[in-house]
Amino acid sequence: MKEEQAFQEEKQQNVSTEEAAETSQQEEPVNEAAALEDQESETELTKLRAQVEEHQQRFLRAQADFDNFRRRTLKEKEDLAKYASMKLVTELVPVLDNFERALATAPQGAESESFSKGVEMIFRQFESVLQAEGVAAMNSVGQPFNPDFHQAIMQVESEEHEEGIVVEEVQKGYMLKDKVLRPAMVKVSM
């Protein structure tokens with residue numbers, strides 16, 4: 001019986017050895033397939049990560065573009081509200097000039113004095129309405145010539161002023177808030 005038991009054990013060992021050999025031969029293709037599958041999934045994962053990164057960058061750029069658009073339209077809206085009356089005021093400034101000229105050449109006399117006072121009152125009212133809109137006359141005489149605010153129509157010799165100083169204002173310039181509505185026409189010393 002011992003011999004039989006030994007024979008059975010030896011047979012089992014042989015079978016185990018054969019099964020192990022077969023299993024290792026079968027596992028080899030399975031391991032290769034699994035490694036190939038892992039490599040493909042790594043490649044796919046890398047591609048997906050790159051796509052996610054690209055989409056993230058696109059999203060951030062789109063969001064920045066939208067923020068810039070929103071700020072720009074808000075500024076344009078504010079500027080439009082601030083300078084909405086610019087066209088009307090530009091057309092009214094020559095009327096203001098004509099009022100000033102009329103007052104400067106008003107004839108003297110008893111009847112004309114009351115007429116002049118009435119016109120002067122209208123002029124002051126007109127001037128105050130324009131000031132309420134943000135229109136202000138420029139003070140140019142004695143200031144250095146600045147092409148942003150002045151339009152030089154003539155150069156004159158002057159002993160009082162040094163070169164490049166506004167000597168005389170031929171036509172007033174006006175500002176609408178912080179923009180030049182009309183540059184002043186001036187004579188500049190040389």
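Summary of values
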read-out	value
Qualifying residue in the stretch 80-88 (condition: at pLDDT 75 or above and touching a Phe, Trp or Tyr at 6+ places or on another chain (Cβ under 9 Å))	no
The stretch 82-91, residues that are without any contact (Cβ under 8 Å) to a residue 40 or more places away in the chain and open to solvent by less than 80 Å² (accessible area, probe 1.4 Å)	Ala84
Qualifying residues in the stretch 30-49 (those that are open to solvent by less than 90 Å² (accessible area, probe 1.4 Å) and not hydroxyl-bearing (Ser, Thr, Tyr)) - the one farthest from the chain's Cα centre (by Cα)	Ala33
Pairs, first of a type in the set (Asp, Glu) in the stretch 127-144, second surrounded by 14 or more Cβ atoms within 10 Å (Cβ to Cβ), C-beta under 8 Å, six or more apart	Glu127/Leu96; Glu133/Ser85; Glu133/Val89; Glu133/Leu176
Qualifying positions in the stretch 145-167 - more than 7 Å from Ser189 (Cβ to Cβ) and either touching a helix residue (DSSP H, G or I) at 6+ places or on another chain (Cβ under 6 Å) or of a type in the set (Val, Ile, Thr) (or both)	Ile153, Val166
Answer residue from the stretch 135-190, given it is of a type in the set (A, V, I, L, M) and assigned to a loop (DSSP other than H, G, I, E, B) and is farthest from Leu80 (Cα to Cα) among those	Met190
Positions within the stretch 90-107 being more than 17 Å from Ile122 (Cα to Cα) and either within 36 Å of the chain's Cα centre (by Cα) or part of a helix (DSSP H, G or I) (or both), in sequence order	Thr90, Glu91
Residue in the stretch 50-66 that is of a type outside the set (Gly, Ala, Ser), surrounded by 10 or more Cβ atoms within 10 Å (Cβ to Cβ) and under 29 Å from Lys187 (Cβ atoms) present	no
Failed item, numbered, when Ala106 is tested on (1) surrounded by 14 or more Cβ atoms within 10 Å (Cβ to Cβ); (2) modelled with pLDDT under 85; (3) closer than 30 Å to Lys82 by Cβ	(3)
Given (1) under 24 Å from Thr90 (Cα atoms); (2) at pLDDT below 90, index of the condition His150 fails	(2)
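The values are calculated or read from the model by the stated rules, or taken from the named source; none is laboratory data. Remember, it's a predicted structure, so these values are computed and weren't measured experimentally. So basically every Cβ, Gly included, is an ideal-geometry build from the backbone, and we count neighbours across all protein chains shown. Keep in mind that these areas ignore ligands, DNA and RNA; they rest on the heavy atoms of the full protein, side chains included. Shrake-Rupley method; radii C 1.70, N 1.55, O 1.52, S 1.80 Å.
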